[in-house]
Amino acid sequence: MKDFTALATSSDTPIKPEAVIAALMNALPEDAVICADPGTPCPYFSAYYRWPVAGRHFITNRAHGALGYSLAAAIGAQVGRPNATVLSVMGDGSFNFSCGELETIVRYQLPIKSLFSQTKHLAWIKAGQNSALINGFTMLILGRQIMPQWHLRLA
């Protein structure tokens, strides 16, 4: 946790994921539900987020084939716990898979919060390929992005 504290309090830019997690631990209510995508958000939240109360507050799917999962999971969590604060966390690559779910969220007027990280590539897959010494990273780079490094939209 010593490394986490150093990264969580860093003022470096772009903002470190650990700093985002530390801010969320201070900002979210105890009964919040976080739905993390299986890409980069899942390992960060699994390793660093400290839940203040026991219960079913973290929903994720660790399979790489489930990119875009967190937005749909957040819809289910919000319907199942209508009074809870529900946060969907995903990268820009995963958002490309599930952006159509925004229409469902708006149509049903669900107060889901969304947090998107911008890495401009499929970061978790690239990290896996990098650790396996695979060079080239074919098909991992995404197109031009229009959102900032981390964007939190409060519904």
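A few comments on the model shown:
- Selection over the range 82-98 of residues that are over 16 Å from residue 29 (Cβ atoms) and surrounded by fewer than 14 Cβ atoms within 10 Å (Cβ to Cβ) gives a count of 0.
- Residue count for the range 1-60 under the criterion of being in contact (Cβ under 8 Å) with a residue 40 or more places away in the chain, assigned to a helix (DSSP H, G or I) and surrounded by fewer than 11 Cβ atoms within 10 Å (Cβ to Cβ): the result is 0.
- Residues located in the range 61-81, provided they are surrounded by 15 or more Cβ atoms within 10 Å (Cβ to Cβ), part of a helix (DSSP H, G or I) and in contact with a Pro (Cβ under 8 Å, 6 or more places away or on another chain): 66, 69, 70, 78
- Looking across the range 82-102, the residues that are over 14 Å from the mean Cα position of the chain (by Cα) and modelled with pLDDT of 95 or more come down to 82, 83, 84, 85.
- Single unsatisfied condition, residue 84 versus (1) in contact (Cβ under 8 Å) with a residue 40 or more places away in the chain; (2) under 27 Å from residue 3 (Cβ atoms); (3) assigned to a loop (DSSP other than H, G, I, E, B): (2)
The values are calculated or read from the model by the stated rules, or taken from the named source; none is laboratory data. Keep in mind the model is a prediction, meaning the values are calculated, not measured. Glycine gets a Cβ as well: all are built from the backbone with ideal geometry, and neighbour counts include every protein chain shown.
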